[in-house]
Amino acid sequence: MASFRGFRGNDAFGSEAWKALCRVREAAPLIQCITNFVSMDIMANTVLAAGASPAMVHAIEEIAEFTALANAVCINVGTLSPEWIFAMKAAASRANDLKKPWVLDPVGVGATTFRTEKCLELIALRPVVIRGNASEIIAAIGASVEPTRGVDSTLPSKDALEAAKELARASQSIVAVTGAVDLVTDGKRVLGVSNGVALMQRITATGCAVTALIAAFVAVHPGRPLEAAAFALALFGLAGEIGMEKASGPASLRVHLLDALHSLDEVTVISRIKIAQI
Ligand SMILES: Nc1ncnc2c1ncn2[C@@H]1O[C@H](COP(=O)(O)OP(=O)(O)OP(=O)(O)O)[C@@H](O)[C@H]1O
Ligand SMILES: Cc1ncsc1CCO
Ligand SMILES: [Mg+2]
């Protein structure tokens, strides 16, 4: 991985991340989530624990009205089926028309032809942020040497840095690759986020949940989606670190992570956020 250059110090990013979290808590943005059945619970609880307001609304008949109410939209293809694609595209287009941010989680892109095609069609609708694991981001630019193995990554995030930059440039979206170090890029700048614990990978849908959290941060940080995504990832990772102090395995980590996210305070955020310009 590229060495850390232009390191701004954790304090500057820490205090900005804290301010961003305060804005989420004050504004309580409404986040419309069109997501997979596995992730619905942890995603809604993550968004709520951060102070925002989730709503899992995906019926095609409701999109025109509901997307107009939402402050941001999170679209996740995890348990994809053809009828859901209509709702996803309608919500993305409606959000674009209304100049509301939407984010995409291309779960398992590269695993099957159908999934890859649909993810590429969604990417063409210009999400503000695309968040995936390393295997997904490499598959999204068509650079995988073999099909994505389901929804979990087989590669570390650093292996997807060039793919992330290429995808960001091609799609004009911010791209976030999660892993031991989360990498967030607009195609030129890269922020590295090293908060988090490895056991988070052993809880299903933590990636899905943090994509919805990114939507909440983007909603209150218009014009700065790169930083907003990095703040959401860092705060979620920090909640994992604090949760880990009490957890004895994935199930209790899930509980303690949500408790920690809800209780984050200024001193903890400023002293423990690990974001660096790479
Ligand atoms: N080795 C690790 N060390 C620290 N944090 C990690 C590690 N691996 C993943 N994470 C964190 O776990 C969360 C989920 O990331 P991951 O890359 O596992 O997503 P994902 O594969 O899309 O997950 P899912 O599909 O289950 O939602 C992120 O917040 C990420 O920073
Ligand atoms: C396990 C699983 N299968 C489809 S979506 C999902 C949640 C993690 O991506
Ligand atoms: Mg995922």
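The values are calculated or read from the model by the stated rules, or taken from the named source; none is laboratory data. All values derive from a computational prediction rather than experimental measurement. Here Cβ is always computed from backbone atoms with ideal geometry, including for glycine, and neighbour counts include all displayed protein chains. Note: accessible area is taken over every heavy atom of the protein model, side chains too, but ligands, DNA and RNA are not part of it. Shrake-Rupley method; radii C 1.70, N 1.55, O 1.52, S 1.80 Å.
Quick notes on this structure:
- Restricting attention to region 27-37, the residues being assigned to a strand (DSSP E or B), within 16 Å of ligand 3 (Cβ to nearest atom) and in contact (Cβ under 8 Å) with a residue 60 or more places away in the chain number 1.
- Every condition in (1) closer than 27 Å to residue 240 by Cβ; (2) open to solvent by 50 Å² or more (accessible area, probe 1.4 Å) holds for residue 160 except the one numbered (2).
- Residues in region 187-198 that are within 7 Å of ligand 1 (Cβ to nearest atom) and over 15 Å from the mean Cα position of the chain (by Cα) were compared, and the one that is surrounded by the most Cβ atoms within 10 Å (Cβ to Cβ) is 197.
- Those strands (runs of 3 or more DSSP E) of region 38-110 in which at least 1 residues are of a type in the set (Ser, Thr, Tyr) and under 29 Å from residue 256 (Cα atoms), considering only elements entirely within it, cover 53-55.
- Residue 109 meets the stated requirement of being surrounded by 21 or more Cβ atoms within 10 Å (Cβ to Cβ) and within 13 Å of ligand 3 (Cβ to nearest atom).
- When we screen 201, 277 for residues that are of a type in the set (S, T, N, Q), open to solvent by 30 Å² or more (accessible area, probe 1.4 Å) and within 16 Å of ligand 2 (Cβ to nearest atom), the only hit is 201.
- Boolean, residue 72 is touching a Ser or Thr at 6+ places or on another chain (Cβ under 9 Å), surrounded by 14 or more Cβ atoms within 10 Å (Cβ to Cβ) and of a type in the set (A, V, I, L, M, F, W, C): no
A quick yes/no check of all residues on (1) among the small types (Gly, Ala, Ser); (2) modelled with pLDDT of 95 or more; (3) more than 17 Å from residue 126 (Cα to Cα); (4) within 16 Å of ligand 3 (Cβ to nearest atom):
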site: 138; (1), (2), (3), (4): no, yes, yes, yes
site: 143; (1), (2), (3), (4): yes, no, yes, no
site: 168; (1), (2), (3), (4): yes, yes, no, no
site: 175; (1), (2), (3), (4): no, yes, no, yes
site: 183; (1), (2), (3), (4): no, yes, yes, yes
site: 186; (1), (2), (3), (4): no, yes, no, no
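- Positions within region 127-155 being of a type in the set (Asp, Glu), in a loop (DSSP other than H, G, I, E, B) and within 16 Å of ligand 2 (Cβ to nearest atom), in sequence order: 152
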